[in-house]
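> Structure provided below as structure tokens; questions to follow.
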């Protein structure tokens, strides 16, 4: 390597380090530093002394019941989002480019509205005197009590997080080589076999991304459960907010830290298996 090339490579490396500096500073200030503060408060008491009581309290029956309820509702909402979002993403990806842009715009429009407004809109739809029950009443059907139940919380999460499932899957499906689909059909595969052996394996990375983007906020959500589920439908996010509002920062930090660690372990396991599959074709 000539001296000129070495100088050019050194200058390029120096420029790359300078370009990365803002990201490093941002990560330190708004990612690493907050995590250090959370860990500090999680393992200290009100006087600043070391304690494990905040962490161990999470494993009491009261908190575990709330956590498993959050996990159950989040898994149900994520599954519904996947069952609805996958065919929608496939349909959009097979449309003409102009139609795709129009459909994606329609999909994104609700996300431009305030989160609170969207939640209140769901309340108006599903309450006992809401639009849905009023419509059913015109046919002599008794009102269906939904608001204040787990079903209402799931509906709210599906409504708010469905676009986060569709978009990653759609972005992967638009890049699929559909000649493989045609080849599978020519070799005798029916529609379900094509989906199982070709389309789904090739779009698995988008599915993993969509599941992650829906499951994580669903587990830690709090406003949806408060408005649609009521005071008896507490989720782990509601408990964290209550502890923070009561200025119990140590318990708030411990709950947040444990929830974050559980989510990270779960995501690591999912990513490990998805990487081992390689997104290739299934046998």
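The values are calculated or read from the model by the stated rules, or taken from the named source; none is laboratory data. Bear in mind that the values here come from a model prediction, so they are computed numbers and not experimental data. Heads up, the Cβs are rebuilt from the backbone with ideal geometry, glycines too, and the neighbour counts pull from every protein chain shown.
> Return the residues of segment 47-66 that are touching a helix residue (DSSP H, G or I) at 6+ places or on another chain (Cβ under 7 Å) and over 18 Å from residue 152 (Cα atoms); say none if nothing qualifies.
Filtering segment 47-66 down to residues touching a helix residue (DSSP H, G or I) at 6+ places or on another chain (Cβ under 7 Å) leaves 54-55, 57-58, 63, 66.
Answer for segment 47-66, where residues must be touching a helix residue (DSSP H, G or I) at 6+ places or on another chain (Cβ under 7 Å) and over 18 Å from residue 152 (Cα atoms): 54, 55, 57, 58, 63.
> Surrounded by fewer than 17 Cβ atoms within 10 Å (Cβ to Cβ), without any contact (Cβ under 8 Å) to a residue 60 or more places away in the chain and either outside the structural domain of residue 213 (by TED's automatic domain parsing) or outside any helix (DSSP H, G or I) (or both): which single residue out of 141, 132, 117 fits that description? First the steps, then the outcome.
Values: 132 fails: either outside the structural domain of residue 213 (by TED's automatic domain parsing) or outside any helix (DSSP H, G or I) (or both); 117 fails: either outside the structural domain of residue 213 (by TED's automatic domain parsing) or outside any helix (DSSP H, G or I) (or both).
The unique qualifying residue is 141.
> State the number of residues belonging to segment 221-242 that are crowded, with 19+ Cβ neighbours inside 10 Å and over 16 Å from residue 149 (Cα atoms).
4
> Six or more apart or on different chains, Cβ under 8 Å: which pairs go from a residue in segment 152-168 that's in the same structural domain as residue 125 (by TED's automatic domain parsing) and surrounded by fewer than 22 Cβ atoms within 10 Å (Cβ to Cβ) to one that's modelled with pLDDT under 95 and outside any helix (DSSP H, G or I)? Could you list them?
Close Cβ pairs (under 8 Å, with a partner that is modelled with pLDDT under 95 and outside any helix (DSSP H, G or I)) amount to 155/146.
> Take residue 175 and decide whether it is at pLDDT 85 or above, surrounded by 16 or more Cβ atoms within 10 Å (Cβ to Cβ), under 28 Å from residue 109 (Cβ atoms) and over 19 Å from the mean Cα position of the chain (by Cα). If you could, list the steps in order and put the result at the bottom.
On the way: at pLDDT 85 or above: yes; surrounded by 16 or more Cβ atoms within 10 Å (Cβ to Cβ): no; under 28 Å from residue 109 (Cβ atoms): yes; over 19 Å from the mean Cα position of the chain (by Cα): yes.
Answer is no for this residue.
> Is it fair to say residue 257 is in a helix (DSSP H, G or I), at pLDDT 90 or above and surrounded by fewer than 21 Cβ atoms within 10 Å (Cβ to Cβ)?
Details: in a helix (DSSP H, G or I): yes; at pLDDT 90 or above: yes; surrounded by fewer than 21 Cβ atoms within 10 Å (Cβ to Cβ): yes.
The answer is yes for residue 257.
> Which condition number does residue 226 fail, the rest of (1) under 24 Å from the mean Cα position of the chain (by Cα); (2) modelled with pLDDT of 90 or more being met?
Here residue 226 clears every test but (2).
> Then there's this: For residue 193, are the conditions met, namely being in the same structural domain as residue 268 (by TED's automatic domain parsing), touching a helix residue (DSSP H, G or I) at 6+ places or on another chain (Cβ under 9 Å), surrounded by fewer than 18 Cβ atoms within 10 Å (Cβ to Cβ) and assigned to a helix (DSSP H, G or I)? Quick ask: steps written out before the conclusion?
Details: in the same structural domain as residue 268 (by TED's automatic domain parsing): yes; touching a helix residue (DSSP H, G or I) at 6+ places or on another chain (Cβ under 9 Å): yes; surrounded by fewer than 18 Cβ atoms within 10 Å (Cβ to Cβ): yes; assigned to a helix (DSSP H, G or I): yes.
Here the answer is yes, as residue 193 does meet what is asked.
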